[in-house]
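Report on the following structure.
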Amino acid sequence: MKKGKLIIANWKMNPASLKEVLKLAKASDKEGVVLCVPFVFLKEVKKVLKKAKLGAQNVSTEQAGAYTGEVSADMLYDMGARSVIVGHSERRALGENNIDVNKKIKSVLSAGLTPIVCIGERERDENHEYINIVKTQLVESLNGIVKSDLSKLIIAYEPVWALSTTANRRDATSADSLEMVIFIKKVLSDKFGATTKLPRIIYGGSVNEKDVADFLKNGGVDGALVGRASLDAKKFLQIIRIAENVS
Ligand code: PGA
């Protein structure tokens with residue numbers, strides 16, 4: 001694997017003001033980084049980025065038309081975004097299902113953007129049902145996606161029980177990540193047949209400056225999706241520096 005891993009920031013519904021947004025964007029502007037920012041700040045953030053790429057956090061299932069309050073993939077592209085998070089657990093909690101995620105992936109791909117497809121179980125049960133949950137998310141979300149588009153995707157494995165915002169959260173380990181990455185690759189090869197052009201797979205769930213090296217070295221992933229720690233410029237720069245040096 002080539003040196004340097006992908007670090008994607010998910011700012012969620014933060015920061016509150018354009019002033020703070022621009023300060024954080026400028027501080028986070030490094031190669032190999034994608035900043036997924038709230039819709040309203042896309043255009044202004046785009047203007048200050050020289051090295052990092054711009055992403056969004058959600059997109060409409062539909063291409064255009066009478067969908068009040070929605071934002072289409074073409075609009076995101078026009079604002080300078082080149083990737084978009086789909087199927088984040090916080091959106092699934094609001095009712096988004098695998099069929100919606102599937103539609104979003106298709107419209108994102110047809111607009112020329114990279115979908116960052118989030119999958120991950122809410123909890124780990126003793127009967128290992130969580131494995132089937134992740135499999136179903138993956139298979140249904142990728143329904144009708146052609147093999148040649150696989151390498152255009154990024155799959156983010158985010159166990160919900162490890163996210164920084166989950167009540168009574170637990171830390172996931174790099175071994176948990178590695179196990180799931182192997183499983184995801186198996187599901188993909190069962191569905192699409194053997195291919196060398198797999199999506200990049202990244203890990204997310206409370207990644208911080210202390211554990212990122214372990215996830216990147218031992219978790220089987222090509223990068224990390226970082227929520228809370230991406231809002232702290234000092235911590236985020238430490239994460240980026242570590243990611244630059246992991247092969
Ligand atoms: P976290 O968020 O790093 O704050 O756990 C990650 C995410 O929800 O994408």
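Six or more apart or on different chains, Cβ atoms under 8 Å: show the pairs whose first residue is in the stretch 46-75 and without any contact (Cβ under 8 Å) to a residue 40 or more places away in the chain and whose second is in a helix (DSSP H, G or I) and small (Gly, Ala, Ser).
The qualifying pairs are Val48/Ala25; Leu49/Ala25; Ala52/Ala25; Ser72/Ser107.
Taking the stretch 83-114, which residues are of a type in the set (S, T, N, Q) and more than 17 Å from Leu153 (Cα to Cα)?
Ser89, Asn97
Name the residue that is farthest from the ligand (Cβ to nearest atom), counting only residues in the stretch 124-164 that are farther than 16 Å from Pro199 by Cα, outside any helix (DSSP H, G or I) and modelled with pLDDT of 95 or more.
Among them, the one singled out is Pro159.
Looking only at the stretch 175-191, filter to residues that are touching a strand residue (DSSP E or B) at 6+ places or on another chain (Cβ under 7 Å) and within 16 Å of the ligand (Cβ to nearest atom); which one of those is nearest to Lys217 (Cα to Cα)?
Filtering first and then ranking leaves Ser177.
Residue under question is Ala229, and the condition is that it be under 25 Å from Thr166 (Cβ atoms), surrounded by fewer than 24 Cβ atoms within 10 Å (Cβ to Cβ) and near the ligand (Cβ under 10 Å from one of its atoms); does it hold?
Yes, satisfied.
Scan the stretch 109-140 for residues that are out of contact with any Phe, Trp or Tyr (no Cβ under 9 Å at 6 or more places or on another chain) and over 17 Å from Val181 (Cα atoms) and report the count.
8
Looking at Val207, Val181, Val246, can you tell me which residue is aliphatic (A, V, I, L, M) and at pLDDT below 95?
Being aliphatic (A, V, I, L, M) and at pLDDT below 95 holds for just one of Val207, Val181, Val246, which is Val246.
For the stretch 169-203, how many residues meet the condition of being touching a Gly at 6+ places or on another chain (Cβ under 7 Å) and either over 22 Å from Ser151 (Cα atoms) or crowded, with 22+ Cβ neighbours inside 10 Å (or both)?
5
Filter the stretch 141-170 down to the residues that are of a type in the set (Lys, Arg) and closer than 24 Å to Ile99 by Cβ, then identify the one that is farthest from the chain's Cα centre (by Cα).
So the residue we want is Lys147.
Taking the stated definitions as given, is Ala194 touching a residue at least 24 places away in the same chain (Cβ under 8 Å), of a type outside the set (S, T, N, Q) and away from the ligand (no atom under 16 Å from the Cβ)?
No: the conditions fail for Ala194.
If a residue must be within 24 Å of Arg82 (Cα to Cα) and not aliphatic (A, V, I, L, M), how many such residues does the stretch 106-139 contain?
The total comes to 9.
Residues Ser148, Ser141, Ser174: which one is among the small types (Gly, Ala, Ser) and out of contact with any helix residue (DSSP H, G or I) (no Cβ under 6 Å at 6 or more places or on another chain)?
From the options Ser148, Ser141, Ser174, the qualifying one is Ser148.
Being surrounded by 14 or more Cβ atoms within 10 Å (Cβ to Cβ), closer than 23 Å to Asp232 by Cα and within 16 Å of the ligand (Cβ to nearest atom) is true for just one of Val84, Val21. Which residue is that?
Being surrounded by 14 or more Cβ atoms within 10 Å (Cβ to Cβ), closer than 23 Å to Asp232 by Cα and within 16 Å of the ligand (Cβ to nearest atom) holds for just one of Val84, Val21, which is Val84.
What pairs come up if the first residue lies in the stretch 9-29 and is in contact (Cβ under 8 Å) with a residue 40 or more places away in the chain, the second is assigned to a helix (DSSP H, G or I) and buried (at least 21 other Cβ atoms within 10 Å of the Cβ), and their beta carbons are under 7 Å apart, counting only those six or more places apart or on different chains?
Between residues of the stretch 9-29 that are in contact (Cβ under 8 Å) with a residue 40 or more places away in the chain and residues that are assigned to a helix (DSSP H, G or I) and buried (at least 21 other Cβ atoms within 10 Å of the Cβ), the close pairs are Ala9/Ser230; Ala9/Phe236; Asn10/Ser230; Trp11/Ser230; Pro15/Val21; Pro15/Leu24; Ser28/Phe236.
The values are calculated or read from the model by the stated rules, or taken from the named source; none is laboratory data. All of these numbers come straight from a predicted model, not from anything done at the bench. Please note: Cβ atoms are built from the backbone with ideal geometry, for glycine as well, and neighbour counts cover all protein chains shown.
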